[in-house]
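Since the structure comes first, as structure tokens, the remarks are kept for the end.
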Amino acid sequence: MWYNLNDALSKNRLYTFIIGNRGGGKTFACQRWAIKDFLRNGKKFIWLRRYNSEVDEIKDKWCSNALMQQFPDNEITFKGKKIYVDGNQCGIIMALSTSLRVKSVAYDEYDKIIFDEF
């Protein structure tokens, strides 16, 4: 059993903060939601971490076996800092610490930012 985002997302807020116990499934629930939403509407997501070192640390672990089991008919892969589903880019992992270098860039194809471990 993992965390269920339905109640939090039903509030239709601009910002939603989810705070809970460690290992409760918050990250997994957000990954699952972002991929399901991409498969449904084609909108990409930004997976945000605080530091670039965290990005490097999690990119090999982002596609867990539990996540893969939720999408048995789809192939989820990770190349560089981009996340792909069935060969189509669905998301990108970025670090907040590098935001000064990426100013004035439009991310029109992205409709959600998930700040993991804020």
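For the range 15-27, the criterion of being touching a strand residue (DSSP E or B) at 6+ places or on another chain (Cβ under 7 Å) and either open to solvent by less than 80 Å² (accessible area, probe 1.4 Å) or in contact (Cβ under 8 Å) with a residue 60 or more places away in the chain (or both) is met by no residue.
Conditions tested, residue by residue: (1) closer than 17 Å to ILE93 by Cα; (2) at pLDDT 95 or above.
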position	(1), (2)
ASN4	no, no
LEU39	no, yes
PHE45	yes, yes
LEU48	yes, no
LYS61	yes, no
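Residues in the range 8-33 that are farther than 19 Å from ASN65 by Cα and in a helix (DSSP H, G or I): ALA8, LEU9.
Screening GLU57 with (1) part of a helix (DSSP H, G or I); (2) open to solvent by less than 50 Å² (accessible area, probe 1.4 Å) gives one miss only, at (2). Report yes if some residue within the range 82-96 is more than 17 Å from PHE115 (Cα to Cα), assigned to a strand (DSSP E or B), open to solvent by less than 40 Å² (accessible area, probe 1.4 Å) and touching a strand residue (DSSP E or B) at 6+ places or on another chain (Cβ under 7 Å); otherwise report no. Within the range 82-96, one or more residues are more than 17 Å from PHE115 (Cα to Cα), assigned to a strand (DSSP E or B), open to solvent by less than 40 Å² (accessible area, probe 1.4 Å) and touching a strand residue (DSSP E or B) at 6+ places or on another chain (Cβ under 7 Å).
The conditions of being open to solvent by less than 80 Å² (accessible area, probe 1.4 Å) and either part of a strand (DSSP E or B) or on the phi > 0 side of the Ramachandran plot (or both) are met by ILE46.
Taken together, the residues in the range 97-118 that are surrounded by fewer than 12 Cβ atoms within 10 Å (Cβ to Cβ) and either under 18 Å from ARG40 (Cβ atoms) or not β-branched (Val, Ile, Thr) (or both) amount to 10.
The values are calculated or read from the model by the stated rules, or taken from the named source; none is laboratory data. Keep in mind it's a predicted model, so treat the numbers as computed, not measured. Cβ atoms come from the backbone with ideal geometry, glycine included; neighbour counts cover every protein chain shown. Quick note on the areas: whole protein, heavy atoms, side chains included, nothing else; ligands and nucleic acids left out. Shrake-Rupley method; radii C 1.70, N 1.55, O 1.52, S 1.80 Å.
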